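The structure appears below as structure tokens.
The values are calculated or read from the model by the stated rules, or taken from the named source; none is laboratory data. Remember, predicted model here, so these are calculated numbers, not experimental data. Note: ideal-geometry Cβ built from the backbone for every residue, glycine included; neighbour counts use all protein chains shown. The area values use the complete protein model at the heavy-atom level, side chains included, leaving out ligands, DNA and RNA. Shrake-Rupley method; radii C 1.70, N 1.55, O 1.52, S 1.80 Å.
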Amino acid sequence: MLATLARTIPRRSLAAGRFYSAAPPAAPQAAAVTLTVFKVQDCHLCDEAMHVAEVVQKKAAVPMDIRLVDIHDKSTNGKWLKYMMDVPVMHLNDRLWGMHRADPGKLLADVEAAHAESAANTTRTAAEEQSVEVPQSDKASAAATASL
């Protein structure tokens, strides 16, 4: 029982100035990549883009969500005026990815790159949240210990 208790008690590292525990925290999971397809009804290019998106979703080694948005819908906040001549329009994680046609190979590569970027951002954010500010008196004792 003491061994279990010793593993769960937080320890303090003076050199690093941060708290850590014996068991490392679970790695944060990156969110799924979101592909938004802006479309209109009875559009063969929109149907093609959706087919490509579904194929890429099955082939991708990362989680991917597909959102369909009809630009005629009033809740799209003026996408009709912006995209009326360019459907289908695809956004990858809320950034313009392409218009008119979708290349499956390029989309797959960009989905995996977007997921890697998202994972890197999630890891960096989690590391920033885990760092603990060391009080000034502890910094002085850490510096004194380091000079020995």
Q: Could you check, for the range 91-100, whether at least one of its residues is aromatic (Phe, Trp, Tyr), open to solvent by 30 Å² or more (accessible area, probe 1.4 Å) and touching a helix residue (DSSP H, G or I) at 6+ places or on another chain (Cβ under 7 Å)?
A: yes
Q: Would you check if there is a residue in the range 123-138 being modelled with pLDDT of 55 or more, closer than 21 Å to ALA53 by Cα and under 12 Å from the mean Cα position of the chain (by Cα)?
A: no
Q: Filter the range 80-103 down to residues that are among the aromatic types (Phe, Trp, Tyr) and at pLDDT below 90, then give me how many there are.
A: 2
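May I ask you to list the residues in the range 9-37 that are among the hydrophobic types (A, V, I, L, M, F, W, C), in contact with a strand residue (DSSP E or B) (Cβ under 8 Å, 6 or more places away or on another chain) and either assigned to a loop (DSSP other than H, G, I, E, B) or at pLDDT 85 or above (or both)?
Once the filter is applied, which keeps residues that are among the hydrophobic types (A, V, I, L, M, F, W, C), in contact with a strand residue (DSSP E or B) (Cβ under 8 Å, 6 or more places away or on another chain) and either assigned to a loop (DSSP other than H, G, I, E, B) or at pLDDT 85 or above (or both), the range 9-37 yields ALA22, ALA32, VAL33, LEU35, VAL37.
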Q: Output the qualifying pairs, or none if there are none: Cβ atoms under 6 angstrom, residues six or more apart or on different chains, first residue in the range 100-111 and under 10 Å from VAL56 (Cα atoms), second residue open to solvent by less than 60 Å² (accessible area, probe 1.4 Å) and in a helix (DSSP H, G or I).
A: PRO104/VAL52; PRO104/VAL55; PRO104/VAL56; LEU107/VAL56; LEU108/VAL56
